[in-house]
1. Please work out which residue is surrounded by the fewest Cβ atoms within 10 Å (Cβ to Cβ), limiting yourself to segment A:61-84 and to residues that are at pLDDT 95 or above and either of a type in the set (A, V, I, L, M) or within 16 Å of ligand 2 (Cβ to nearest atom) (or both).
2. Output the number of the condition that A:Met172 fails; it satisfies all remaining conditions of (1) within 16 Å of ligand 2 (Cβ to nearest atom); (2) of a type outside the set (S, T, N, Q); (3) in a loop (DSSP other than H, G, I, E, B); (4) within 13 Å of chain B (Cβ to nearest Cβ).
3. How many residues are touching a residue at least 60 places away in the same chain (Cβ under 8 Å), open to solvent by 40 Å² or more (accessible area, probe 1.4 Å) and not basic (Lys, Arg) if we restrict to segment A:24-45?
4. Pairs please, first residue from segment B:204-216 and hydrophobic (A, V, I, L, M, F, W, C), second anywhere and surrounded by fewer than 24 Cβ atoms within 10 Å (Cβ to Cβ) and at pLDDT 95 or above, Cβ atoms under 6 Å, 6+ apart in sequence or on different chains.
5. Test each condition in (1) surrounded by 13 or more Cβ atoms within 10 Å (Cβ to Cβ); (2) small (Gly, Ala, Ser); (3) assigned to a helix (DSSP H, G or I) for A:Ala160 and report the one that comes out false.
6. Take the residues of segment A:29-54 that are in a strand (DSSP E or B) and either near ligand 1 (Cβ under 9 Å from one of its atoms) or on the phi > 0 side of the Ramachandran plot (or both): which is nearest to the other protein chains (Cβ to nearest Cβ)?
7. I'd like to check which helices (runs of 4 or more DSSP H) are fully inside segment A:58-132 and have at least 2 residues that are over 20 Å from A:Leu29 (Cα atoms) and basic (Lys, Arg).
8. So the check is Cβ under 8 Å with 6+ separation or different chains; which pairs have a first residue in segment A:208-224 that's under 21 Å from A:Val18 (Cβ atoms) and within 12 Å of ligand 1 (Cβ to nearest atom) and a second one that's in a strand (DSSP E or B) and of a type in the set (D, E, K, R)?
Amino acid sequence: MTDGASKGKILEIDGLQVSYGAVQAVKQLNLDIGAGEIVALIGTNGSGKTTTLRSISGLVANTRGRIRFAGADITKLAPHRIVGLGISQVPEGRGIFPDLTVLENLRLGAYVRRDKAEIEADIRRMYRLFPRLEERKKQAAGTMSGGEQQMLAIARALMARPKLLLLDEPSMGLAPLVVKEIYAAIRQINQDGVSVLLVEQNAKMALGAAHRGYVMETGRIVVQGTAAELKSNDVVKSVYLGSTV
Amino acid sequence: MLLQQLTNGLTIGMIYALIALGYTMVYGILKIVNFAHGDIFMIGSFLGLFFMQEFRLPLYLAFLLAAAATAIIGILIERLAYRPLRMADRIVPLISALGVSTLLVSLAQKLWGTEMHPFPTAFGSRTYTFGNVTFSEIQILILVLSFVLMLALQLFVTRTKTGIAMRATSMSLTHAALMGINTNRMISLAFAIGSALASCAGIMVGIYYNAVYPTMGYMAGINAFTAAVLGGIGNIPGAMLGGVLLGLVETLGGAYISTQYKSVISFSILIIVLLVKPSGILGSKEINKV
Ligand SMILES: Nc1ncnc2c1ncn2[C@@H]1O[C@H](COP(=O)(O)OP(=O)(O)O)[C@@H](O)[C@H]1O
Ligand SMILES: [Mg+2]
């Protein structure tokens, strides 16, 4: 074992196991993300992807194994501390606050920050990334379309200025054109220096954007490699690429 | 006569509203009914009495100190009686609430006896007449202070970063935590504010009826809970509206039908709302069965 982070790794998960009562949702998981990478985590419904993200964010109590972020052990940290360290999550189903306005949602994204002027500048930056948010800034977030809510959820997560962004099925339930827009934003965010863990059932979209990927089945990683390797992998082709878009 | 009854109804309605806010804020976040809340109101009243009697403090200081002390008691109750049961089945914290309720009443009986205590203040007896409506000093205090406290709460939850974070926490604990909000702190804050408001209500009720006693929290608690459900439990403006409505209905019913029916009115409203529209007047559609 070495102290400190392995070179260039922003996130390292070693031997993660997670149970919900008797159900073992994650059986054995090793996964790492290099600084500046987009890593895709793909798998069918119920394979344990969301549970993995929840564990990284500190939302599940019953975990074994070790999660390190930028060299520090975050396995037992409370969720709000993990956000403070620089990991933001866009949860499954977006998780926007429906009764609050778009602007209030964005401000809550910056809850851990104190730099008022910079927060205002970042809100303007988010409006440039997703112009529709500016048009709707005074509107209750719950009244927006699914695509707009997804944009808000991503922008809100960025308001914390994360080093690592976790995205749980950002394309779910959205029209192809909106998905394109969302993915263009994800690439842009990554180019601005944010590492991304991208969870998807939509393997084609995810592998199109990612540098590397992992395939998860019933709580385990079954295949991993570069995006190009995965796209030509027979298992991935038959199970994930044949059946999607 | 009618105007006088409306004034009296509004007075008691503001009290219900103040207490109802504690039920609704806690329910909003934790989805549990803090059945000990009526007894927190009682303890708050006794603490006000205590500060005035033992230390001869002026009324406003008694309010401040009792509210602060009751807030701390509220925080402790959550820490000791509810937080350890956060993962347990919904019925478990309910039983724990009943335990806390019994404990608080017994504690008050041990410390202060079972009898009624008059409130040691000359304040409240003077009256003012406008047209054909007579206000007592304490009624004016209740109307003004309750209004100011509710306005302050409304500004807090809509205009401040912490207040908005508290509302976000009541929309979703998980998603609030993902914003970096310390949700346990928000829960403590909800208990603190609810308990402090209940304490203010307790002191004002103590002066209004010139009586403080260990079981005073039962009926007040049930009425305020009804008010919270009527307005839409979990909804802050709803609790205010529900409180005022219940106070008016109860007082008018008492005046024009019979005072015997006062408590029946509140129970009937509770049952009717739960049957017809469990989400209350301002509540959202989806509501979990308590
Ligand atoms: N809160 C929960 N309680 C019990 N079982 C759960 C819970 N959440 C997820 N599971 C189970 O854990 C497994 C993995 O779920 P999840 O992580 O949501 O998978 P995915 O995101 O890949 O669809 C599934 O079998 C699911 O039924
Ligand atoms: Mg999932």
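1. A:Ala72
2. Every condition holds for A:Met172 apart from (4).
3. Residues flagged as touching a residue at least 60 places away in the same chain (Cβ under 8 Å), open to solvent by 40 Å² or more (accessible area, probe 1.4 Å) and not basic (Lys, Arg) within segment A:24-45 amount to 6.
4. B:Ala211/B:Met116; B:Val212/B:Leu49; B:Val212/B:His117
5. Checking A:Ala160 against (1) surrounded by 13 or more Cβ atoms within 10 Å (Cβ to Cβ); (2) small (Gly, Ala, Ser); (3) assigned to a helix (DSSP H, G or I), the one that fails is (3).
6. A:Leu41
7. A:116-129
8. As it stands, the answer is A:Thr218/A:Lys27; A:Gly219/A:Lys27; A:Arg220/A:Lys27, since those pairs meet every condition given.
The values are calculated or read from the model by the stated rules, or taken from the named source; none is laboratory data. No experiment lies behind these values; they were computed from the predicted model shown. As a convention, Cβ positions derive from the backbone with ideal geometry for all residues, glycine included, and neighbour counts pool all protein chains shown. Just the protein is used for accessible areas: all its heavy atoms, side chains included, with ligands, DNA and RNA removed. Shrake-Rupley method; radii C 1.70, N 1.55, O 1.52, S 1.80 Å.
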